[in-house]
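To keep things clear, I will list the structure first and then write my remarks on it.
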Amino acid sequence: MGEKTTIKFECPKCHQWHQDVIDSTLVTGSKIFPVRYPYVHDASLVILCYIDAHFTIRGFEQITLGKNTVDALVKKGKEQKAATTAADWKNIF
Ligand SMILES: [Zn+2]
């Protein structure tokens, strides 16, 4: 398994602190910054996190999901989040 990095952020939606463990290569392997990382907030909301080269979150975008997107997320990512790769997410967004 590759190296993991924990990201934490104060949620722009509910103002709680959330954290997620991401594959470090999402950032260290990227040539384009900020990296967009989709945090699955709940069944109808994704918080798109904009992460810079130092794993600092510089901004957010809230994406409200339709049913088709939710189904795609659940199928492709949420239930298998530990194994989800950047390529998988790029197929969704
Ligand atoms: Zn939240």
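Assorted remarks:
- Test set (1) within 16 Å of the ligand (Cβ to nearest atom); (2) loosely packed, with under 11 Cβ neighbours inside 10 Å; (3) modelled with pLDDT of 90 or more - residue 3 fails condition number: (1)
- Close pairs from segment 11-28: first more than 15 Å from residue 62 (Cα to Cα), partner within 16 Å of the ligand (Cβ to nearest atom) and not in a strand (DSSP E or B), Cβ under 8 Å, at least 6 apart: 17/11
- Residues located in segment 13-39, provided they are surrounded by 13 or more Cβ atoms within 10 Å (Cβ to Cβ) and within 11 Å of the ligand (Cβ to nearest atom): 18, 39
The values are calculated or read from the model by the stated rules, or taken from the named source; none is laboratory data. None of the values given here were measured: they were computed from a predicted structure. Backbone-built Cβ (ideal geometry, glycine too); neighbour counts: all protein chains shown.
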